[in-house]
Structure formats: C-alpha cells, structure tokens
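Everything below concerns the one structure shown next.
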Amino acid sequence: MIDVLRLLDALGIEYTRRGSQLRARCPHPDHEDLNPSWTIVADEGGRHGFHHCFACQWGGGPVALVAAVLGLEPKDARAWLEDGDYAVTKLELELDVRERPAVAGLGVPPEVQFIPLERWPKAAREYLERRGFGAATVDRWGLGVVSATEKTQLRGRIFIPVLDDAGEFRTYQARAFGKAATRYLTPTAGPPAIFGCQYWPAPVERQVVVVPEGPFDALAVDAATGLPVGSLLGSDPQPWQLLRLATFRVVVVLTDPDAAGRKAATALQAALARWTRVVLHALPAGRDPAQVYEDDPVELRAMLQFVGGLPGDGHRVVVSAGPGAGAEAVAGCARGE
C-alpha cells in the first residue's frame, strides 16, 4: 500500500489532515485553486490513495497524481513510483486505468463554497449544528454551502456531494437550511449514484451496510455508528443501486416510517433477498434516522446495536441476533453461514 504522506512530500504538496483525508490546494497545473478543494485518502481502506478535487472534478489514483504534477505520461509516472520504492497496489493502479461513465454536463456549481464550518454563514452553521453535526462531518463528507444571498436556485442550501467509490463526483443533493418550498434539490439528469460508497471497504471485506433514504440520514448513521452507509437519494431503488448493495453480506434497511419508506423497504427486500441477507429495521413513528440522531445520537446507535462490534467497540463488525425486526435472520452471519 502506497505511503501517501511520503508521496505528497516528494511532490511538494502542502496539506492539512481532516479526519481520514488530507486536504490541499488542487495540484493540477491547469487549476489555480485559491481555497483548498482537493483531498486524498491517506488512511487504510478501500479508498486508500484516491484523490479528488471538488472544484475542477479532477481525480484518480497515485499514477494520475504523479503524471499531472510532474507532467509525465502514465507509464512514466508508474515507473517513477516504482523507482521511488512506492508500494502501489493493483487496486491503486486500477484507479487510473479503468473506464468510468461520463457525467454529461454535471459538475459542482460555481456558487458552492467549500470552506471550514466556522466560516459558514451563521444560519447554515447553526442549522447543521442543531442537527447534531459539526466540523468533522463537514470535513469527512466534503459538505459545501451556498449563501442565502446568492441569486441562484441553490441559494440558502447545504451542498452534499455524491461521489463514486473512486472518489469521483457524480451528483449532489442540496438541503435548505432555512424556509424553502422544497427541502431537497437533486439534478434531474445525472448518473446512477449511492451516497456513502466512497467509504465502503473493498468488496472482499464488505459485511454490513445500512441503507437509509436521504443523505442526512446517512450522515446520522455514520456519525452514530461508523457503519458503512448507502443512501438511495430517495425512495425509489434503482437497478444499479441494487447491484452495488448486493456486494454486502447483510443489508440493513433503515428507510423512513412512512408510505414511501415502506414501499422502498419492500422493494429492497424483494430485489436483494435472493443475493444477500436483508434486515428491515423499524424506526419510531414520525421520525427518520436524522431526526432520531438529532434527538439523541445514543438512541440511534442503540437501534443498530444488534450489528455486533460497532466501530468504537473494539471488535470486528459482525452481525448477531438481537432486537429489531428481522435481526434473527442474520444471526448466522458471524459464523459464515
């Protein structure tokens, strides 16, 4: 696995650490980045070595980084890494060579600001903190903000970027932090996406994923439990999303306790039950995961305690029997059944 810190030092890239990511001004020579918009994952995991710029949308793996910064062809960049004794894995090399679907005309709108939470407009900052989220969430998920004074459709909203598992920008949702006719705005045209998959472990290590409807719900589950999350970005599961979720041994469905949420849960169970174990987990009436977290983060964590060995408990994540609808169906997962 490549030594990301040593690589950045060798390339002369100054950075600051924010959670599992390192942040810096975009090093691509064609991008004059005034505010640090570029991140690279340094911690071990399925996205180790991934980098992405939220402003210009450039990203990839170590080879792409070296090629751009030093002005080399990919094969020469790979040779440079090998000569420097950087242990680049096969997965990290594949980040730079595999084809990805093009995102026609979809990018980060220029009015979005990616700045530290303490510099957010007061109303946006207070809204996010009232929901139970702080600077760690902003940094981990690359949240942006659009001022209420902007004369655009996104004014007065928190910008939630949706990345793919290679850290490439796919689409977004924008959540109003004040009064608005529509709480969420999502591009009508865009590629299939799941919010949260950039932090999924490698396929061979995937055990449990929690599937809520909206990104704020996913943020809440992540903050409360540290479990992998996969937000549907709505209540209508798409075939591509189902294929990705089926790579986990257990899918815990945590959709909203309303008609749309129950319909989504039924669709997920019907589509995934043939391929993986599905747990339909009930929520208190009238509260989605984000609302439960806002009221009491411990309550949300307790709801998912049947997923044994939650991060922070000092154990490997496995599934065991316990409270919650359908939990008994996954009692054998830890035994490899």
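Determine if segment 2-17 includes at least one residue that is under 20 Å from the mean Cα position of the chain (by Cα) and modelled with pLDDT under 85.
yes
Mind checking which residues of segment 8-40 are among the hydrophobic types (A, V, I, L, M, F, W, C) and either in contact with a Leu (Cβ under 7 Å, 6 or more places away or on another chain) or touching a residue at least 12 places away in the same chain (Cβ under 8 Å) (or both)?
Hits for segment 8-40 are Leu8, Ala10, Leu11, Ile13, Leu22, Ala24, Cys26, Trp38, Ile40.
Can you name every one of the strands (runs of 3 or more DSSP E) wholly within segment 58-177 that holds 1 or more residues which are at pLDDT below 85?
Ranges flagged: 169-176.
Under the condition of being of a type in the set (Phe, Trp, Tyr) and more than 17 Å from the chain's Cα centre (by Cα), which residue from segment 170-206 is farthest from Thr149 (Cα to Cα)?
Looking only at segment 170-206, we keep the residues that are of a type in the set (Phe, Trp, Tyr), and these are 172, 177, 184, 195, 199-200.
The next check asks that each one be more than 17 Å from the chain's Cα centre (by Cα); those that pass are 177, 184.
Values: Phe177: 13, Tyr184: 18 Å.
Residue satisfying both the conditions and the ranking: Tyr184.
Among (1) at pLDDT 85 or above; (2) surrounded by 21 or more Cβ atoms within 10 Å (Cβ to Cβ), where does Arg47 come up short?
Answer for Arg47: the failing condition is (1).
Quick one: in segment 21-57, which of the residues that are among the polar types (S, T, N, Q) and not in a loop (DSSP other than H, G, I, E, B) is farthest from Arg206 (Cα to Cα)?
Result: Thr39.
Would you say Pro187 is modelled with pLDDT under 90, part of a loop (DSSP other than H, G, I, E, B), touching a Phe, Trp or Tyr at 6+ places or on another chain (Cβ under 6 Å) and not β-branched (Val, Ile, Thr)?
Answer is no for this residue.
Would you please name the residue that is farthest from Gln113 (Cα to Cα), looking only at residues in segment 141-156 that are in contact with a helix residue (DSSP H, G or I) (Cβ under 8 Å, 6 or more places away or on another chain) and not small (Gly, Ala, Ser)?
Trp141
Yes or no: Pro201 surrounded by 20 or more Cβ atoms within 10 Å (Cβ to Cβ), in the same structural domain as His281 (by TED's automatic domain parsing) and not in a strand (DSSP E or B)?
Details: surrounded by 20 or more Cβ atoms within 10 Å (Cβ to Cβ): no; in the same structural domain as His281 (by TED's automatic domain parsing): yes; not in a strand (DSSP E or B): yes.
No: the conditions fail for Pro201.
The values are calculated or read from the model by the stated rules, or taken from the named source; none is laboratory data. Computed from a predicted model, the values in this text were never measured in an experiment. Quick reminder, even Gly has a Cβ in these numbers, built from the backbone with ideal geometry, and neighbours come from all protein chains shown.
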